[in-house]
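Q: Here you go, one structure.
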Number of protein chains: 2
Amino acid sequence: MAAKHHHTEKHFTASDVVRDLVIGMADGLTVPFALAAGLSGAVVASRVVVVAGVAEIAAGAIAMGLGGYLAARGDADHYAAERRRELREVRELAREEEREIVQIFAQYGLDHEACKPVLAHFHQDHEAWVDFMMRFELGLEKPEPGRALRSALTIGGAYIVGGLVPLAPYMLIEGLQPALRVSVICTLIALGLFGAAKSRFTGIGMLRGAMQTMFVGGLASAAAFLLARWIGG
Amino acid sequence: MAAKHHHTEKHFTASDVVRDLVIGMADGLTVPFALAAGLSGAVVASRVVVVAGVAEIAAGAIAMGLGGYLAARGDADHYAAERRRELREVRELAREEEREIVQIFAQYGLDHEACKPVLAHFHQDHEAWVDFMMRFELGLEKPEPGRALRSALTIGGAYIVGGLVPLAPYMLIEGLQPALRVSVICTLIALGLFGAAKSRFTGIGMLRGAMQTMFVGGLASAAAFLLARWIGG
């Protein structure tokens, strides 16, 4: 089973980075795409679409990246604070903590007798007891050191890369309507490829994954296009 | 300990909705604010700011809400698939699964002797065994039914409410510069209140929470403003 366990751990480590990439890329491909399409619906100049798109990409990358950084830092602080509390409780309220272990085991139909060797060991090893409570009572995972910064850069970078796909045509192609057409085609292809790649990690079928991300991007763009045309057209 | 356990469960249920509200509101207050400020930096007409802002809010709410819906649905599918796999493994590869339990316990310094009553019970109750493996081997929480839709509406709704705060001044006030000033003041106040309220759930100090969200919003807006002025000014 060592091989499988190794595999499981690899899976979890990869999925943190993958989740961050997915978070950043999904919104980066979708929101600037929809914004640019929406502004095209209001028939503004190409220059305005580019300015708004660049402003949106900068704002989105900073908001999501810095937001991710602060969230990860907050999680790490929360874990440390809960761990200190749990360590104090194990020392000062050992009887209550014992009862909590019995309750956790009881959820799986395990009786008091089954807990006894576990409790006996934990009285010898408070650190192990606390680690056990953190995971099995509170459901908290030990945060990886350095995760916050890596997470921020991954999310923000993915947002910028994703956002440049729909925006590049407006920068490179003369005329609003031709740029819109190329942007829609390029971005739908990118959304489909991204959704198919993402499906490898979420375990749904590749085609379904591709359809889902294209649907989200398409719906967001259509809504933005229609609203913008209605207000500003 | 019943009271504390009850409290813990309440805490977890609340935090799902709170987390969704925070996700939607944080980006809703920040990105449309920064976009509007950025476009003001490029000195476009107020009408363009409103059109771009409304398009962004629609796109962001759909992308984040629908994205949240699909993510929650994906989690539920993933849980169901992994549970089927574990059930099969418990039936067909009982010895391997036994070894996995021994490994899980070994992480906390518990020896084989301590596992024996647990293993004996699980051989009588495969469902409990699988539930135990889902939580303690794979670290997966049972998904709440109906969570996906509730999550989507909460995130999307919070994004719209948050996004209307910075945009309303451009709709109501004549002239780009006065509207920008009112938008900046209103949104910084809203970001501060939101950050302070959020800090109650993340366990950091209220002042620090307020400063953090104002900092993210301010930085995103400043970057968008300067970039937009540089490109389009």
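The values are calculated or read from the model by the stated rules, or taken from the named source; none is laboratory data. Since the structure is predicted, the reported quantities are computational estimates derived from the model, not experimental observations. Counting neighbours? That spans all protein chains shown, and the Cβs are built from the backbone with ideal geometry, glycine included.
Q: Within segment B:119-127, is even one residue outside the structural domain of B:LEU167 (by TED's automatic domain parsing), farther than 30 Å from A:THR202 by Cα and touching an Asp or Glu at 6+ places or on another chain (Cβ under 6 Å)?
A: Yes, the conditions are met somewhere in segment B:119-127.
Q: Something else now. Against the conditions (1) of a type outside the set (D, E, K, R); (2) closer than 28 Å to B:LEU29 by Cα; (3) within 11 Å of chain B (Cβ to nearest Cβ); (4) surrounded by fewer than 18 Cβ atoms within 10 Å (Cβ to Cβ), where does A:GLN107 fall short? Just the number, please.
A: Among (1) of a type outside the set (D, E, K, R); (2) closer than 28 Å to B:LEU29 by Cα; (3) within 11 Å of chain B (Cβ to nearest Cβ); (4) surrounded by fewer than 18 Cβ atoms within 10 Å (Cβ to Cβ), the lone unmet condition for A:GLN107 is (2).
Q: Would you say A:VAL49 is within 10 Å of another protein chain (Cβ to nearest Cβ) and in contact with a Phe, Trp or Tyr (Cβ under 6 Å, 6 or more places away or on another chain)?
A: yes
Q: Within segment A:111-121, is even one residue surrounded by fewer than 18 Cβ atoms within 10 Å (Cβ to Cβ), closer than 25 Å to A:ARG84 by Cβ and under 36 Å from the mean Cα position of the chain (by Cα)?
A: Among the residues of segment A:111-121, not one is surrounded by fewer than 18 Cβ atoms within 10 Å (Cβ to Cβ), closer than 25 Å to A:ARG84 by Cβ and under 36 Å from the mean Cα position of the chain (by Cα), which makes the answer no.
Q: Does B:LEU153 satisfy the condition of being out of contact with any Gly (no Cβ under 6 Å at 6 or more places or on another chain), in the same structural domain as B:PRO32 (by TED's automatic domain parsing) and not β-branched (Val, Ile, Thr)?
A: When the stated conditions are applied, B:LEU153 passes them.
Q: Taking segment B:218-233 only, how many residues are at the interface with chain A (Cβ under 8 Å from one of its Cβ atoms) and not in a helix (DSSP H, G or I)?
A: 0
Residue-by-condition table, conditions (1) closer than 30 Å to A:TRP230 by Cβ; (2) more than 10 Å from chain B (Cβ to nearest Cβ); (3) surrounded by fewer than 15 Cβ atoms within 10 Å (Cβ to Cβ); (4) at pLDDT 85 or above:
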| residue | (1), (2), (3), (4) |
| --- | --- |
| A:LYS10 | no, yes, yes, no |
| A:ASP20 | no, yes, no, yes |
| A:LEU29 | yes, no, no, yes |
| A:MET64 | yes, no, no, yes |
| A:GLY67 | no, no, no, no |
| A:GLY74 | no, no, no, no |
| A:ASP77 | no, no, yes, no |
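Q: Across segment A:135-151, what is the number of residues that are aliphatic (A, V, I, L, M) and away from chain B (no Cβ under 11 Å)?
A: Residues in segment A:135-151 being aliphatic (A, V, I, L, M) and away from chain B (no Cβ under 11 Å): 2 in total.
Q: Can you work out which of the residues in segment B:31-46 that are of a type outside the set (Gly, Ala, Ser) and more than 7 Å from every other protein chain (Cβ to nearest Cβ) is farthest from B:ALA196 (Cα to Cα)?
A: Residue satisfying both the conditions and the ranking: B:VAL43.
Q: For segment A:39-57, give me each residue that is over 23 Å from B:GLY156 (Cβ atoms) and either in contact with a Cys (Cβ under 6 Å, 6 or more places away or on another chain) or in a helix (DSSP H, G or I) (or both).
A: Result: A:SER40, A:SER46, A:ARG47, A:VAL48, A:VAL49, A:VAL50, A:VAL51, A:VAL54.
Q: Check A:ARG99, A:ARG85, A:ARG91, A:ARG95 and return the single one that is surrounded by fewer than 19 Cβ atoms within 10 Å (Cβ to Cβ) and closer than 24 Å to B:LYS198 by Cβ.
A: Going through A:ARG99, A:ARG85, A:ARG91, A:ARG95 in turn, the sole match is A:ARG85.
Q: Based on what the data block shows, is B:PHE215 at the interface with chain A (Cβ under 9 Å from one of its Cβ atoms) and surrounded by fewer than 16 Cβ atoms within 10 Å (Cβ to Cβ)?
A: Criteria met by B:PHE215.
Q: Could you please let me know if B:ALA36 is assigned by TED's automatic domain parsing to the domain that holds B:VAL165 and either outside any helix (DSSP H, G or I) or under 22 Å from A:ARG229 (Cα atoms) (or both)?
A: Yes, satisfied.
Q: Within segment A:127-134, does at least one residue satisfy the condition of being exposed (fewer than 15 other Cβ atoms within 10 Å of the Cβ) and either in contact (Cβ under 8 Å) with a residue 60 or more places away in the chain or more than 8 Å from every other protein chain (Cβ to nearest Cβ) (or both)?
A: yes
Q: Moving on to the next point. Those residues that are within 14 Å of another protein chain (Cβ to nearest Cβ) and either without any contact (Cβ under 8 Å) to a residue 12 or more places away in the chain or in contact with a Phe, Trp or Tyr (Cβ under 6 Å, 6 or more places away or on another chain) (or both), I need them from segment A:173-198; list them, please.
A: Scanning segment A:173-198 gives a single hit, A:THR187.
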